[in-house]
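The values are calculated or read from the model by the stated rules, or taken from the named source; none is laboratory data. Because the structure is predicted, anything quoted here is derived from the model rather than measured. Every residue, glycine as well, gets a Cβ built from its backbone with ideal geometry; the counts of neighbours run over all protein chains shown.
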Amino acid sequence: MKLAKFSFFLERKGNKEIQLTLLYDYQNNVLLYPEWQQLFSKMQPATLVIWGENDKFFSKAGALKYGMDLTNIEYAFYPTGHFPLVEFHRQIAEKIDAFLRHHLHRYKVEEAIRKEII
């Protein structure tokens with residue numbers, strides 16, 4: 001599926017201004033990275049990183065940096081750019097489903113152990 005099919009969304013009135021505002025505001029996101037990294041290190045949430053390995057905005061190396069703070073991390077790289085869902089929606093949906101089933105089951109078991117149910 002080509003991005004041209006989604007050109008309506010990209011060309012709608014006011015979208016250029018919205019995209020420029022988001023781009024400008026990204027500087028604030030970067031300033032918060034140390035807080036996010038600290039939170040990830042402390043909380044260690046199960047994390048699934050889905051990434052287009054040819055993304056020109058956010059590199060694969062950038063995706064791999066999440067592993068510096070997270071120990072319970074799974075990566076899924078797809079041979080595409082910034083919007084992997086456009087081309088790989090079924091595979092990504094299956095990956096998310098499997099990830100959630102695994103981790104939700106694990107958390108239910110851990111919670112039961114904490115409550116001494118098991």
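Some observations on this one:
- Residue identified as hydrophobic (A, V, I, L, M, F, W, C), closer than 23 Å to LEU10 by Cα and within 15 Å of the chain's Cα centre (by Cα) among PHE77, PHE88, PHE40, PHE99: PHE88
- So LYS5, is it out of contact with any His (no Cβ under 6 Å at 6 or more places or on another chain), part of a helix (DSSP H, G or I), at pLDDT 85 or above and of a type in the set (Lys, Arg): no
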